[in-house]
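Colleague: The structure that follows is given in the form of structure tokens.
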Amino acid sequence: MQLETFRYDNTIVKKFVIATMVWSIVGMLVGLIIALQIFIPELNFGIPYTTFSRLRPLHTNAVIFAFIGNGIFMGFYYSIQRLCKARIFSDLLSNIHFWGWQFIIVCAAITLPLGITTGKEYAELEWPIDILITLIWVVFAIQLVGTLIKRREKHMYVTIWFFIATVVTVAVLHIVNSIELPVSFTKSYPVYAGVQDALVQWWYGHNAVAFFLTTPYLGLMYYFLPKAANRPVYSYRLSIIHFWSLIFLYIWAGPHHLLYSALPDWAQSLGTVFSIMLIAPSWGGMINGLLTLRGAWDKVREDVVLKFMVVAITAYGMATFEGPMLSLKNVNALAHFTDWIIAHVHVGALGWNGFLTFGILYWLVPRMWNTQIYSKRLANFHFWTGFLGIAFYAASMYWSGVTQSLMWKQFTPEGTLQYPIFLDTVLQLIPMYIIRAIGGALFLTGTIVSVYNLYKTAKSGTFIREEEAQAAPLLKEVTKAKGHSWIESRPIQFLLVSTVAILIGGVVEMIPTFLVKTNIPTIAAVKPYTPLELQGRDVYIAQGCVSCHSQMVRPFRSEVQRYGEYAKAGEFVYDHPFLWGSKRTGPDLLREGGKYPNSWHFNHMQAPTTMSPGSIMPPFAWLMEDNLDISSTPDKIIAMRKLGVPYPDGFEQKSISVLEAQADSIVVDLKKSNITIDKNKQIIALIAYLQRLGRDIKTAQPQNGK
């Protein structure tokens, strides 16, 4: 049989290698800054663009989509060509993919500090950027499918299975969660509200972890670990079980982020059950990875690439055991809203994703530049500083999380809260926050050293732009394959079956929540926000307040006594988006309305320590200076009515006058406390929103779904 000669394209891999290295420093640096801001609020610098609340989503997006995202594409473009024995489908699309993805990252880096955000965790980017993400993801999908169609290798290796699942599922997640109604070029509202929005968001949020941070990296593990160890994968059969059970089970687990919330109990229970079952396939993958190193453990001690990979796989096993444990209600009651979750997330992000990315880089760069690693000593220094950084970070946050929860729940013998002032619990955590910052600094130091080491490695060699290879053309099948081998040679059928597998869980969870009205009972006393309150809510979202404050009182004795009546599903029917939060750095705000006078909120936002001595909250003084854009009010009312909020017909025409009347009343009240301010300032709208929270249901009862 005559062999065909072709060339692998390394240029696109090189571009993603450089992007991965650059964004690794940016993402970790912003993370260190916000870790310091927690206990040194002066580092917020007194300007709106550099506050913790605006930089936190920038950090998460930079690490997840910039650093890890580019790492995925780096590994994809290198491995897919060699696994398919074919050049990537289109060089033009490769460049569109690369530059389009970098443009999206830059857009995120500009808009998030500006306060242009949806307020939905891991999906903060506004609708024009969402459209760009969709288009670039289509390019990525074309590159995958096109390369599979032109492949010369009949059998699709396990790495390709995980790439297919990633392409399909991320597309579904992104599109469903990002259905929004635009109000302007920089503002939109999700079509879902309250409980429904929460379910969709955490179906997306949990499975973004599953299918962006896990499945593609498992694909990379299955390719690069055997290459680095020079060993075959331990078990082909285990990889089959691992893949199909993982992608089927993972999609059901999102509701475990909403335990003890206003989400219906049946959905919470489904999330818990499938989360527990996830231990089996997750650990199956970990075992398959670690046992691939059988007979190579002596090499692990000497080879820094394998050191990174072994720690990465171990961190994956730890995180995927801890996740199901956190979905148990008794554990979740202790850990949710605390720093424990921050520790859990970073074991995965830094240990699993970060260390596997660095291991791949240390293996890949010397081969692409036809040289040896510049300094093994620096690579080992990076390994140990990164490892210690993770250890310091995780240990301090686990300790902090348990401390938080126990203090929140502690009662005196007389039956009252021992620590009724929320700030008392925060101040006890400062030493742990300092240790976390030290851990972050260590990890960043190692990252900077690695970038220097890899740069010097590349400089010492000669880049191989294209690699020549030969392979026989793919012939039509003569004998029919049986069992799983049949689908492994049919990419389109594999893609369709994968799509069905990942859709089942989401459909089963969402259809009852959206179609059965009694699942989300309404409350007659709950009314739409006034125009000023609606504007104030948007100010709240733009400032990133949801990063530190939840709006979900769980049915615990400690929370009810601290905050007030526990949350009901019907309270949130007009909330686009929901704002339940996932972390309490500050107290819950669901019952904030009427607790304090308007002047307290004004002074608290202007100088938090005047109202709460010792507070680590930064001042938001610009809210007293920046004008509210009231011209957008009619458009927002129209948009909300389209989404089902029962504003009367024509209300948008008088919405500005209604807004100004409420603003005037707040200004008059502030004057009684010797505070003089213009009614058009953003602080007035924010006060109106905060004073509204929780007031509708103080004496209201559910109305049996009516």
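Please treat every number below as a calculation from the coordinates, not as lab data. Bear in mind that the values here come from a model prediction, so they are computed numbers and not experimental data. Cβ coordinates were reconstructed from backbone atoms using ideal geometry, including for glycine residues, and neighbour counts include every protein chain displayed.
Colleague: For Ile541, Ile276, what's the fewest-to-most ordering of other Cβ within 10 Å of each Cβ?
Modeller: Ordered from fewest to most neighbouring Cβ atoms within 10 Å, Ile541, Ile276 come out as Ile276, Ile541.
Colleague: Still on this model: What ranking do Lys527, Lys681, Lys482, Lys672 get, fewest neighbouring Cβ atoms within 10 angstrom at the top? Spell out each step's value before the answer.
Modeller: Values: Lys527 13, Lys681 20, Lys482 7, Lys672 10.
Neighbour counts put them in this order, fewest first: Lys482, Lys672, Lys527, Lys681.
Colleague: Search the structure for amide H atoms under 5 Å from the amide H of Phe89, placed 1.01 Å from N in the peptide plane, and list their residues when 5 or more places away or on another chain.
Modeller: Here the answer is Thr147, since their amide H atoms fall under 5 Å of that of Phe89.
Colleague: Tell me the angle of helix 376-409 to the major Cα principal axis of the chain, expressed in degrees between 0 and 90 and rounded to the nearest ten.
Modeller: Around 30 degrees separate the two axes.
Colleague: Kindly identify the chain as rounded, prolate or oblate by the Cα gyration tensor criterion: order the square roots of the eigenvalues as a ≥ b ≥ c, call it rounded if a/c is under 1.5, otherwise compare a/b with b/c, prolate if a/b is larger, else oblate.
Modeller: Working: a/c = 1.86, a/b = 1.67, b/c = 1.12.
Here the chain falls in the prolate category.
Colleague: Okay, next question. Relative to the longest principal axis of the C-alpha atoms of the chain, give the angle of the C-alpha long axis of helix 11-37, reported between 0 and 90° and rounded to the nearest 10°.
Modeller: The angle comes out at about 30 degrees.
Colleague: Taking θ = phi - 60°, what integer Hz values does the Karplus form 6.51 cos²θ - 1.76 cosθ + 1.60 yield along the stretch 526-536, in sequence order, with x for Gly and Pro?
Modeller: 7, 10, x, 5, 5, x, 5, 5, 5, 5, x
Colleague: Okay, moving on. Kindly provide the helix-only [θ] at 222 nm of the chain, computed as the sum of -39,500 (n - 2.57) over DSSP H runs of four or more divided by all residues, to the nearest 500 deg cm²/dmol?
Modeller: Numbers: 28 runs with 424 residues, N = 706.
Counting only the DSSP helices, I get -19500 deg cm²/dmol.
Colleague: Here's another thing I want to ask about it. For Val183, what residues show an amide H to amide H distance below 5 Å, using hydrogens built from the backbone and excluding near sequence neighbours?
Modeller: The answer is Ser188, Tyr189.
Colleague: Here is a follow-up. Which shape class applies to the stretch 531-692: rounded if a/c is under 1.5, otherwise prolate when a/b exceeds b/c and oblate if not, where a ≥ b ≥ c are the square roots of the Cα gyration tensor eigenvalues? Before the final figure, lay out the partial values.
Modeller: Details: a/c = 1.87, a/b = 1.12, b/c = 1.67.
Oblate.
Colleague: In addition: Quote the charge dipole size of the stretch 531-692 about the Cα centre in Debye, to the nearest 20; the model charges only the Cβ of Lys and Arg (+1) and of Asp and Glu (-1).
Modeller: Here the size comes out at about 560 debye.
Colleague: Convert 4 °C to kelvin, take the viscosity as 1.567 mPa s, use the Kirkwood radius over C-alpha pairs of the stretch 163-244 as Rh, and evaluate the Stokes-Einstein diffusion coefficient in µm²/s, rounded to a whole number.
Modeller: Estimated via Stokes-Einstein, D reaches 86 µm²/s.
Colleague: Just tell me which lysines come within less than 28 Å, Cα to Cα, of Lys376; anything on the same chain fewer than 8 places away is out.
Modeller: Lys14, Lys15, Lys227, Lys299, Lys307, Lys456, Lys459
Colleague: Within 15 Å, Cβ to Cβ, of Leu388, how many net charges do the neighbouring residues add up to if Lys/Arg are +1 and Asp/Glu are -1?
Modeller: +2
Colleague: Follow-up. Which residues make up the longest stretch of the chain that has no GluC sites (Glu not before Pro) in a DSSP loop with at most 13 other Cβ atoms within 10 Å?
Modeller: In the chain, the maximal stretch lacking such sites is 1-413.
Colleague: Taking θ = phi - 60°, what integer Hz values does the Karplus form 6.51 cos²θ - 1.76 cosθ + 1.60 yield along the stretch 102-108, in sequence order, with x for Gly and Pro?
Modeller: Here the 3J(HN,Hα) series is 5, 5, 4, 4, 5, 4, 5 Hz.
Colleague: Next up: May I ask for the Rg/Rh ratio of the stretch 1-80, computed from Cα atoms with Rh as the Kirkwood radius, given to two decimals?
Modeller: Details: Rg = 18.8 Å, Rh = 14.6 Å.
For the stretch 1-80, the value is 1.29.
Colleague: With a cap of 12 neighbouring Cβ atoms within 10 Å, and only residues DSSP puts in a loop, list the trypsin sites (Lys or Arg not before Pro) found in the stretch 223-323.
Modeller: Arg294
Colleague: Run through the stretch 136-198 and list the chymotrypsin sites (Phe, Trp or Tyr not before Pro) located in a DSSP loop whose Cβ has at most 12 other Cβ atoms within 10 Å.
Modeller: Listed in order of number, the matching sites are Phe185.
Colleague: For the Cα atoms of the chain, what angle does the longest principal axis make with the long axis of helix 127-149, in degrees from 0 to 90, nearest 10?
Modeller: 20 degrees
Colleague: Sort the stretch 337-490 into rounded, prolate or oblate with this rule: let a ≥ b ≥ c be the square roots of the eigenvalues of the Cα gyration tensor; rounded if a/c is under 1.5, and if a/c is not under 1.5, prolate when a/b is larger than b/c, oblate otherwise.
Modeller: Details: a/c = 5.63, a/b = 1.76, b/c = 3.20.
Because a/c hits 1.5 or more and a/b fails to exceed b/c, the stretch 337-490 counts as oblate.
Colleague: Would you mind ranking Tyr49, Tyr529 so that the residue whose beta carbon has the fewest other beta carbons within 10 Å leads the list?
Modeller: Tyr49, Tyr529
Colleague: Still on this structure, I have one more. Give me the net charge for the shell around Ser53: Cβ to Cβ below 14 angstrom, other residues only, Lys and Arg +1, Asp and Glu -1.
Modeller: Computed value for this residue: +2.
Colleague: Search the structure for amide H atoms under 5 Å from the amide H of Tyr234, placed 1.01 Å from N in the peptide plane, and list their residues when 5 or more places away or on another chain.
Modeller: Close amide H contacts, sequence-distant or interchain: Thr292.
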